[in-house]
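Asks: The structure follows.
The values are calculated or read from the model by the stated rules, or taken from the named source; none is laboratory data. Predicted model, so just to flag it, every value in this text is computed and none were measured. Virtual Cβ from ideal backbone geometry, glycine too; neighbours counted across all protein chains shown. Accessible surface areas use protein heavy atoms only, side chains included; no ligands, DNA or RNA. Shrake-Rupley method; radii C 1.70, N 1.55, O 1.52, S 1.80 Å.
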There are 2 protein chains.
Amino acid sequence: MSGERQSRANKEDHPVETAPSMEDRHVASVAVAVDVVPFGLRDGALHAALVRVGHADEAGLFAFPGGRVQPVESLDVAARRCLERHLSPTGSFLEQLYAFGEPGRDPSSRVVSVAYLALVPQTEEAPGVHWFPSSDLPPLAYDHGAVADKALDRLRGKLAYTNIAFGLLADGFTLAEFQKVYETILGRALDRRNFRKKVLALELVRPMGRVRHGPHRPAELFQFAQRALTTVETPLTKKG
Amino acid sequence: MSGERQSRANKEDHPVETAPSMEDRHVASVAVAVDVVPFGLRDGALHAALVRVGHADEAGLFAFPGGRVQPVESLDVAARRCLERHLSPTGSFLEQLYAFGEPGRDPSSRVVSVAYLALVPQTEEAPGVHWFPSSDLPPLAYDHGAVADKALDRLRGKLAYTNIAFGLLADGFTLAEFQKVYETILGRALDRRNFRKKVLALELVRPMGRVRHGPHRPAELFQFAQRALTTVETPLTKKG
DNA sequence: TTCTAGTTGTGTACGATTTACACAACCGGA
DNA sequence: TCCGGTTGTGTAAATCGTACACAACTAGAA
């Protein structure tokens, strides 16, 4: 179901089932929030954006950006609003992650939070936003430690079978940079030649015909063939 | 975040951000429910359990079992309660699927529903519960059509890389039955010899040393090596 | 001008995995 | 005793994954 209608429709014999009137009146009901886990790259390493909780029990700790879901707002819209309130970039990748609803997760009131995974490409500075290496997060408020774990798991999982990395890189990257994203998130080295072969064979990225000049041999620049999430049948990451 | 605390802590300058007092008072706030999609096998085919919605706008339609989340109850517990209210089997597989929160999904009130995927082995009859082939569901109330799609996608996806099938079969099955589960859910045929080789090599199932007698050559009976969700590195389903 | 350090770009041989495929064993019932 | 229908098993070919080395190119230093 999805509301009290069905609760009423089906048998009400279960002791813990709430009578509809109880919901309508007031109080100890359950609130809905969203939390967004924004990942981005800073000097090659994966970082997560956090904001300070300046209030009550959890004061001084960090937490992911979030907020209540408004009465007329979908979950996706609420998540994007919370993301863009802190980080300007519009159009970043955003997908639902998991709903966290343990009764004690927020000590002050009963809140069910739908967590979202966000990927932001530029990682520009924003006031009040602190970026931490994803492998070394500070103590987090609420159950946001578990949220962070879930987000990292999801990101790692999708990295192997989708083109999700497009959310972290702006067009015009070298294959070395691209590969470093994979190595950073997966935590292991990949073979340069096999990696190149694979991503080109899958048509994941496309050469732009331009090169970047540096102190060494110029590197070809690439862009993503698709900037929407697509699944590939063969894993992008075994050794190369 | 996870509640109003953080909303207060961070800048309140966003126009649509709710003042905390508004939440505490009353009304048009958002309710939380769970919906459970119970899958099971009936004569070899995948079926889903539905109950009738006997009320209001959606009267006469079918919907998945569900109900409000109680103030002191976790989401997982709420889902299991809703499942077991209709279907007796305790200990069935149950995992969170997705949170559905479009404002209009329940025409009568604003409800965010956290959907769960359930697998029930026996598929015994229960009063008020109707089983439909998953490929041919009746018109569903609310957005339960989308919920059903998501549940099927998840089941298909996990079938390839986990031992999730243990949720559908009781110990003491033949390999033919086991394979048919895969073929039914995936919608394509698998090679009998390769299938046997793979599930034995992965130690997914174990021979019990017993056989089942029928009108033909007796078939060895198997059980699952693990009855908890485990992931395998190599896909169980390519052709065999 | 030449040399060097450091990076980018490319192909091939080996092994492992996946796939296709056919036949004998076994039972109940006619 | 024969027959239909199912279960159980192995092997060869193709595909895919993996390891690996060397030439090309540039900026900057000598």
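Asks: Look at the stretch A:43-64 and say how many of its residues are within 12 Å of another protein chain (Cβ to nearest Cβ) and in contact (Cβ under 8 Å) with a residue 60 or more places away in the chain.
Replies: Total satisfying the criteria: 9.
Asks: Any residue in the stretch A:216-231 that's more than 14 Å from chain B (Cβ to nearest Cβ) and assigned to a loop (DSSP other than H, G, I, E, B): show its pairings with residues that are open to solvent by 60 Å² or more (accessible area, probe 1.4 Å) and within 16 Å of DNA strand C (Cβ to nearest atom) at Cβ separation under 6 Å, as long as the two are six or more apart or on different chains.
Replies: That search, which allows pairs on different chains as well, returns A:Pro218/A:Val211; A:Ala225/A:Glu203; A:Ala225/A:Arg206.
Asks: Mind listing just one residue for me: the one in the stretch B:149-172 that is in contact with a strand residue (DSSP E or B) (Cβ under 6 Å, 6 or more places away or on another chain) and open to solvent by less than 50 Å² (accessible area, probe 1.4 Å) and, of those, farthest from DNA strand D (Cβ to nearest atom)?
Replies: Only one residue tops the list, namely B:Ala151.
Asks: Another question about this same structure. Quickly run through the stretch B:158-184 and pick out the residues that are away from DNA strand C (no atom under 16 Å from the Cβ) and either of a type in the set (Gly, Ala, Ser) or within 14 Å of chain A (Cβ to nearest Cβ) (or both).
Replies: Hits for the stretch B:158-184 are B:Lys158, B:Ala165, B:Gly167, B:Ala170, B:Gly172.
Asks: Any chance the stretch A:176-187 includes a residue that's within 13 Å of DNA strand D (Cβ to nearest atom) and polar (S, T, N, Q)?
Replies: No, that holds for no residue.
Asks: Please verify whether the stretch B:80-99 includes one or more residues that are within 7 Å of another protein chain (Cβ to nearest Cβ), open to solvent by 30 Å² or more (accessible area, probe 1.4 Å) and farther than 22 Å from B:Gly167 by Cβ.
Replies: So the first thing to find is which residues in the stretch B:80-99 are within 7 Å of another protein chain (Cβ to nearest Cβ), and the list is B:81, B:85, B:96, B:98-99.
Next cut, open to solvent by 30 Å² or more (accessible area, probe 1.4 Å) only: B:98.
Subsequent filtering for residues that are farther than 22 Å from B:Gly167 by Cβ retains none.
Checking the stretch B:80-99: not a single residue is within 7 Å of another protein chain (Cβ to nearest Cβ), open to solvent by 30 Å² or more (accessible area, probe 1.4 Å) and farther than 22 Å from B:Gly167 by Cβ.
Asks: Considering only the stretch B:127-157, state which residues are more than 11 Å from chain A (Cβ to nearest Cβ) and in contact (Cβ under 8 Å) with a residue 60 or more places away in the chain.
Replies: B:His130, B:Trp131, B:Phe132, B:Pro133, B:Ser134, B:Ser135, B:Leu137, B:Pro138, B:Pro139, B:Ala148, B:Ala151, B:Leu155
Asks: Within the stretch A:185-222, which residues are more than 10 Å from DNA strand C (Cβ to nearest atom), closer than 21 Å to A:Tyr161 by Cβ and either open to solvent by less than 100 Å² (accessible area, probe 1.4 Å) or in the same structural domain as A:Ser135 (by TED's automatic domain parsing) (or both)? So that I can check it myself, show each step before the final result.
Replies: At the first step, the residues of the stretch A:185-222 found to be more than 10 Å from DNA strand C (Cβ to nearest atom) are A:185-190, A:198-199, A:201-206, A:208-210, A:213.
Going one step further and asking which of them are closer than 21 Å to A:Tyr161 by Cβ, we end up with A:185-190, A:198-199, A:201-206.
A:Ile185, A:Leu186, A:Gly187, A:Arg188, A:Ala189, A:Leu190, A:Lys198, A:Val199, A:Ala201, A:Leu202, A:Leu204, A:Val205 - these are the residues of the stretch A:185-222 that are more than 10 Å from DNA strand C (Cβ to nearest atom), closer than 21 Å to A:Tyr161 by Cβ and either open to solvent by less than 100 Å² (accessible area, probe 1.4 Å) or in the same structural domain as A:Ser135 (by TED's automatic domain parsing) (or both).
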